[in-house]
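A short write-up of the structure that comes next.
The values are calculated or read from the model by the stated rules, or taken from the named source; none is laboratory data. Note that the structure is predicted; figures quoted are calculated from it, not measured. A quick note on method: Cβ atoms are made from the backbone with ideal geometry, for glycine too, and the neighbour counts reach across all protein chains shown.
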Amino acid sequence: MPRSGIRLAIPFAVAVAAFGLAFGALARTMGMTTLMVFVMSALTFAGSAQFAAISVLRDGSAAAAILAAILLNGRYLPMGIASASAIRGPWWRRLLLAQLVVDESWAIGHRGDGTFDPRRLLGAGALLYAAWVVSTVVGSIAGAFLGDPHTLGLDGAFPALFLALMWTQIHDRRGALAAALGAAIAIVTTPFAPPGVPIIAATLACLIGLVR
Amino acid sequence: MSTTWLVVLAVGAATVLIKGAGPVLLGGRALPGRLTTLLRLLAPAVLAALVATQVVVSGSRLVVDERLLALAVAFVALLLRAPVLVVVILAALVTALARLVTSG
């Protein structure tokens with residue numbers, strides 16, 4: 001049993017569950033059913049992408065919402081490649097286990113020398129997965145009892161949530177610069193572009209990664 | 001099929017493929033370092049754009065309202081290491097109260 005990974009992931013699971021409750025409740029007030037929330041969490045298992053998709057969908061097109069979520073998950077491509085050696089077995093098993101790689105389990109499984117401990121990575125991932133799916137479903141059921149989203153100020157909760165998520169994704173000065181540039185691009189393009197498009201335009205900010 | 005279901009399924013399928021691509025296809029090989037840097041900068045850039053548009057955008061217009069006050073409060077709460085749920089509830093509370101005051 002990958003018990004060490006599970007134990008290490010407990011504090012992260014509590015934080016993930018808090019995000020999950022908030023996601024479920026907000027998704028419900030925006031018209032998503034509990035079944036939709038369950039299917040989305042079970043397949044996607046990525047808080048920031050799920051929040052992005054539903055908030056862009058609120059006033060933008062479905063295509064913009066899908067693209068925003070894909071771009072947010074773009075980081076999982078290099079992260080999946082880096083941790084690939086810890087995920088073994090036939091292709092379908094690797095495909096399934098790869099879904100357990102998220103920011104927190106990746107950090108717990110990382111040995112610090114570029115290699116990964118499979119038991120830690122997957123144990124942590126399994127606990128976080130359970131915490132995310134259960135908490136988003138519970139949040140969505142609770143969300144049914146919330147009143148008018150505008151009166152409750154829930155539209156003011158979204159930027160706060162994205163700010164909290166951004167907080168966890170900035171690891172150095174370059175990350176902070178990409179964030180500042182991304183926000184600037186989104187605001188400047190808003191009066192001209194259809195809703196949702198400024199988010200996609202903001203991805204150009206990651207090009208500062210080319211600057212040394 | 002509703003638009004919301006389309007988004008739910010498309011985002012889910014795309015994420016399964018993105019996460020699975022490395023372990024299924026590229027096991028052991030690495031992406032060029034530059035590309036990894038770019039892909040990892042996507043998250044802060046897109047999240048910051050989401051913060052910006054959620055806080056000062058209404059449709060296609062830039063507006064300053066209660067949401068900016070709520071974001072400032074959330075920022076301070078995060079600096080003080082408040083838990084996420086507290087930050088979110090605080091932001092909603094500030095928005096709702098400010099709205100109550102300005103409309104009344």
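Search segment A:28-63 for residues being closer than 15 Å to B:Gln54 by Cα, touching a residue at least 60 places away in the same chain (Cβ under 8 Å) and small (Gly, Ala, Ser), and hand back the single one that is farthest from the other protein chains (Cβ to nearest Cβ). Residue satisfying both the conditions and the ranking: A:Gly60. Under 19 Å from B:Ala10 (Cα atoms) and within 9 Å of another protein chain (Cβ to nearest Cβ), is that true of A:Ala22? Answer is no for this residue.
Examine segment A:193-202 for a residue that is facing chain B (nearest Cβ under 7 Å), within 25 Å of A:Gly80 (Cα to Cα) and either touching a Cys at 6+ places or on another chain (Cβ under 9 Å) or without any contact (Cβ under 8 Å) to a residue 60 or more places away in the chain (or both), and state whether such a residue exists.
Checking segment A:193-202: at least one residue is facing chain B (nearest Cβ under 7 Å), within 25 Å of A:Gly80 (Cα to Cα) and either touching a Cys at 6+ places or on another chain (Cβ under 9 Å) or without any contact (Cβ under 8 Å) to a residue 60 or more places away in the chain (or both).
Anything in segment A:29-50 that is part of a helix (DSSP H, G or I) and at pLDDT below 90? List them, or say none.
Looking only at segment A:29-50, we keep the residues that are part of a helix (DSSP H, G or I), and these are A:29, A:34-44, A:47-50.
Residues satisfying the conditions are A:Thr29, A:Gly47, A:Ser48.
From the list B:Val51, B:Val94, B:Val88, B:Val63, which residue is touching a helix residue (DSSP H, G or I) at 6+ places or on another chain (Cβ under 8 Å) and closer than 19 Å to A:Ala68 by Cβ? So the residue among B:Val51, B:Val94, B:Val88, B:Val63 that is touching a helix residue (DSSP H, G or I) at 6+ places or on another chain (Cβ under 8 Å) and closer than 19 Å to A:Ala68 by Cβ is B:Val51. Counting only helices (runs of 4 or more DSSP H) that sit wholly inside segment A:75-171, those with at least 3 residues that are out of contact with any strand residue (DSSP E or B) (no Cβ under 8 Å at 6 or more places or on another chain) and facing chain B (nearest Cβ under 7 Å) are A:76-82, A:91-98, A:154-169.
Residues to consider are B:Val84, B:Val88, B:Val94, B:Val101; find the one that is on the phi < 0 side of the Ramachandran plot and more than 7 Å from chain A (Cβ to nearest Cβ). Break it down into steps so the answer makes sense when it comes.
Values: B:Val84 fails: more than 7 Å from chain A (Cβ to nearest Cβ); B:Val88 fails: more than 7 Å from chain A (Cβ to nearest Cβ); B:Val94 fails: more than 7 Å from chain A (Cβ to nearest Cβ).
Among B:Val84, B:Val88, B:Val94, B:Val101, only B:Val101 is on the phi < 0 side of the Ramachandran plot and more than 7 Å from chain A (Cβ to nearest Cβ).
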